[in-house]
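See structure below.
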Amino acid sequence: MAEEKKDISVLLTEKRVFKPTPEFVEQTNVKKWMNKHGIKDYDELLKKCEDIEWFWGEMSKELVEWYSPYDKVLDWNPPFAKWFTGAKYNIVHDALDKHIKTARKDKIAYIFEGEPGDIKKWTYGELYTEVNKLANALKSLGVKKGDRVGIYLPMLVELPIAMLACAKIGAVHSVVFSGFSATALRDRLIDCESKVVITCDHFYRRGGKVALKKQTDEAVEGAPTVKNVIVYKRIGDDVPWTEGRDHWWHEITKDQSAECETEKLDANDLLYILYTSGTTGKPKGILHAHGGYAVGTAQTLKWVFDLKEDDIWWCAADIGWVTGHSYIVYAPLILGTTSIIYEGAPAFPEPERWWSIIDKHKVSVLYTSPTAIRAHMRLGEEHPQKCGLDSLRILGSVGEPINPEAWIWYHKYIGREQCPIMDTWWQTETGHFCISPLPITSLKPGSATKPLPGIKAAVYNEQGEAVTNAGGNLVMLNPWPGMLRGLYKDEERYKQVYWSKFQNTYLAGDVTRMDEDGYFWIQGRADDVLNVAGHRIGNSEIESALVSHPKVAEAAVIGKPHELKGESIAAFVVLRQGVEPNEELRKEIREHVGTEIGKIARPDEIGFVNDVPKTRSGKIMRRVIRAKAIGEKVGDISTLANPEAVEEISRAK
Ligand code: PRX
């Protein structure tokens, strides 16, 4: 172990750059494309693709089939972009319909492994039939083009099926992560006025069963637009039932036709709404449309992870987040890939669960988060070492900065020092990877390297000047095809959050440094958004959940650096007058946040205080609280209304 430690620190101090071998580079999708276009190296590739209309137009020819051609690749009316205007399109045509006419019909689309170990393989043909039946069932419930459908399902193949069934008929899906609570589901169903919800009875998680239907019922009670609930039977235990409103998936699809015509939409029609946390208020509904999103997700997957016909792709994220939407559902299906869907928890029931899945199904490309890597790192390399892992050829990371130690461990013990690591930076808003290496790029552990071909990003200081080797604001200087189309029912907030700081420039909200080689080092959120284990949660969202507890008067939430999760959640709580703090209450408040948002948002620490530092206008000074809580210099507190409250933070009980 000591020997290994030394080894890793040597690798780090050398500031080693990992260069792919020429043999590896030669057979990559990107290099083959470069050869075809007479492009000799990576720098020339990036230069050539600065003509974004040319580049994305070329890519669309290779990746998607329009029902009718577009007139313009891009119609840019800042801050609104339309891609492939005038084209008739539906992403389901590329994800399913086109494959059915070829040998791909019998190719495996998904290999499903349940937590108890049950395995089921789905061909493209089987997926197509099930999607059609469910799409017809949705139509029978009156769902039409433009209607919103809530989907609250765990990692089952029925989740992509439900998404595709909606898209097929032109309905807009809004998937809610199955780890979110009934309250969080209800808020989202209300906001997007869902007509139908698709869920399941229960699912397996860490050996237990999660009662999803019961939670759905609680949510639907307060969401009057929901008239029907479709329930997939995963386990078969009894569930509460409302006659007339609830329908078993297997019953409602049983007599439906196995054919359903795909709705020919406008390429810019909405595909989905996915809620994500922002600095203030409730989560925002990010909007994505069919055409540009299809081209952007498929292109980035094909080049970054170099997917080929015989690859087995495992994106180990949850489909409830954008990573799963783009890279478990849409992009891999468009490329005709075979993907893994695993229902359960990592390292369950034994630490090598993931590694044995890789060996069993011959996974060739694995994409996961730094938190998962660090958790496995802590369990020890003896577990991956029990497995061969020799089917792997490329690895990926997403969701948070990957610390160089974790990068090296991943490279050494999972990648057997042979697999390059694609550290992909992107967001729910961007729809697809934006800053990421290609398999031909020289890698620096901890850096997401450079903006991809067709993407123009920079680091700006507060004055809007591009800076090198200094922390600044990560910005995007051009639109890109998977770019969000706005926020659901909130155009003003869209303009204000992303486009108001610098003119016609997209503000990502991340602090970043660009080094002298043009490599980007993403450091974390610049705003009041936490990144806990790669999950994005607004400080203010947790604070609202805390103050909704009847005994809490005020609350301030900050993130503290955390070895495993990147950030942990610390809450400072002022109780209502007359309420005495105690352990029982601390637990109760913590669980209350779990009920309001979901387990991932429960504070790791709750400190009781008499007051929290605020400005004269009443704004909670999280910067000051955080500095005090983690022992950093507090800085100027002269603008505070209650400077004495700063000391309260160190006295928190
Ligand atoms: O802070 C960045 C971080 O995750 C944020 C986006 O979160 P979300 O919309 O939930 O999407 C996560 C998956 C795409 C970003 O603003 N982030 C994402 N990828 C990276 C990252 N931080 C550092 N390195 C990354 N590779």
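The values are calculated or read from the model by the stated rules, or taken from the named source; none is laboratory data. If you're wondering where the values come from, they're calculated on a predicted model, not measured in any experiment. Counting neighbours? That spans all protein chains shown, and the Cβs are built from the backbone with ideal geometry, glycine included. Each accessible area value is taken on the protein alone, full model and side chains, heavy atoms only, with ligands, DNA and RNA left out. Shrake-Rupley method; radii C 1.70, N 1.55, O 1.52, S 1.80 Å.
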Original post:
Among the residues of region 606-653, which ones are open to solvent by 70 Å² or more (accessible area, probe 1.4 Å) and closer than 15 Å to ALA555 by Cα?
Top reply: ASN610, LYS619, ARG623, ARG626, LYS653
**OP:** Return yes when PHE55 is of a type in the set (Phe, Trp, Tyr) and modelled with pLDDT under 95 and no when it is not.
**Re:** no
**OP:** Kindly list, by first and then second residue, each pair from a residue in region 381-408 that is closer than 25 Å to LYS360 by Cα to a residue that is within 16 Å of the ligand (Cβ to nearest atom) and among the acidic types (Asp, Glu), limited to pairs with Cβ atoms under 8 Å and residues at least 6 apart or on different chains.
**Re:** GLY396/ASP423; SER397/ASP423; VAL398/ASP423; TRP407/ASP423
Subject >> Index of the failed condition, ARG374 passing every other in (1) open to solvent by 10 Å² or more (accessible area, probe 1.4 Å); (2) away from the ligand (no atom under 16 Å from the Cβ); (3) among the charged types (D, E, K, R) >> reply: (2)
Subject >> Residue satisfying all of: in region 494-519; part of a strand (DSSP E or B) and in contact with a Lys or Arg (Cβ under 7 Å, 6 or more places away or on another chain); farthest from the ligand (Cβ to nearest atom) among these >> reply: LEU507
Subject >> Tally of residues being open to solvent by 30 Å² or more (accessible area, probe 1.4 Å) and under 26 Å from THR253 (Cα atoms) across region 191-209 >> reply: 4
**OP:** Please enumerate the residues belonging to region 321-337 that are of a type outside the set (A, V, I, L, M, F, W, C) and open to solvent by 10 Å² or more (accessible area, probe 1.4 Å).
**Re:** THR323
